[in-house]
1. Consider Glu122 against the criteria (1) modelled with pLDDT of 85 or more; (2) surrounded by fewer than 20 Cβ atoms within 10 Å (Cβ to Cβ): it satisfies all of them except one. Which criterion is unmet?
2. Hey, could you check the stretch 56-73 for residues that are of a type in the set (A, V, I, L, M) and modelled with pLDDT under 95 and say which is farthest from Ser92 (Cα to Cα)?
3. Can you find a residue that is surrounded by 13 or more Cβ atoms within 10 Å (Cβ to Cβ) and at pLDDT below 90 anywhere in the stretch 37-55?
4. Hey, among Ser187, Ser152, which residue is hydroxyl-bearing (Ser, Thr, Tyr), over 23 Å from Arg99 (Cβ atoms), modelled with pLDDT under 90 and over 17 Å from the mean Cα position of the chain (by Cα)?
5. Within the group Ser86, Ser65, Ser92, which residue is surrounded by fewer than 14 Cβ atoms within 10 Å (Cβ to Cβ), within 20 Å of Ile160 (Cα to Cα) and either out of contact with any Lys or Arg (no Cβ under 6 Å at 6 or more places or on another chain) or among the aliphatic types (A, V, I, L, M) (or both)?
6. Might you check whether a residue that is assigned to a helix (DSSP H, G or I), within 21 Å of His110 (Cβ to Cβ) and of a type in the set (A, V, I, L, M, F, W, C) occurs anywhere in the stretch 187-200?
Amino acid sequence: MASSSTTFTLRQPFLKSIISDKQELLTVEEQIIDGCIADDRRAQKMLYDQHSPTMLGICYRYSKSSDEAQDIMQDGFIKVFSNIESFRRQGSFEGWIKRIMVNTALNHYHKNQKLLHQNIDEIRETKIITDDDGPKRKLPFNQMEMLEAIRSLPDGYSVIFNLYVFEKYKHREIAEMLNISVNTSKSQLSKARNYLKKVLAKIEQQRNNLVR
């Protein structure tokens, strides 16, 4: 019943003009996309409210402050609304938005030469500080401790670390994006992981000192 109510609300006047009789079965997402293409403010707000929490997390990983993350996200959504008509409706719409946010963050990085990144739900201790082919072990750190460790990464390490670990780019792709060699990308990732190991070791030692 709640779902029907939501669909009915979305078809109220701002979407009625763009949805024909043949489009009655459009999903909520498709209706919102069509509304944004028509420059309807309410549709844009729906899209923003739905995706901004996740996108802010992504932008936060590529920034040194909350204000910078907000700036990146706002620029990213401007690009989303300006280019939404180019979305081919093939594959994930959220994935399409994420790529825009990451590219926007990289533009900020190239301009300011400083970055970071957070999507706390995606943080997994083992994959962060161990090599892909290395041994996996459970690590005694919570997500906030991992996030703070990641935020402490030097600028040169953080962007490559985030692109590889969180965005799943290959070293060849990272090298092309940042205009560096593949070996440099691999080296920076290895250094980032070693740096994180040292930071986390300090966190663990401090915690152990407190319980003694």
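1. Exception for Glu122: condition (1).
2. Among residues in the stretch 56-73 that are of a type in the set (A, V, I, L, M) and modelled with pLDDT under 95, the one farthest from Ser92 (Cα to Cα) is Ala69.
3. No, the stretch 37-55 has no match at all.
4. The match here is Ser152.
5. Numbers: Ser86 fails: within 20 Å of Ile160 (Cα to Cα); Ser92 fails: within 20 Å of Ile160 (Cα to Cα).
Just one listed residue meets the conditions, Ser65.
6. Filtering the stretch 187-200 down to residues assigned to a helix (DSSP H, G or I) leaves 187-200.
Applying the additional criterion that residues be within 21 Å of His110 (Cβ to Cβ) yields 187-189, 191-192.
Right, trim to of a type in the set (A, V, I, L, M, F, W, C) and you get 189, 192.
For the stretch 187-200, residues assigned to a helix (DSSP H, G or I), within 21 Å of His110 (Cβ to Cβ) and of a type in the set (A, V, I, L, M, F, W, C): present.
The values are calculated or read from the model by the stated rules, or taken from the named source; none is laboratory data. It should be emphasised that the depicted structure is a prediction, and the values quoted were computed from it without experimental measurement. Neighbour counts run over all protein chains shown; Cβ positions are idealised from the backbone, glycine included.
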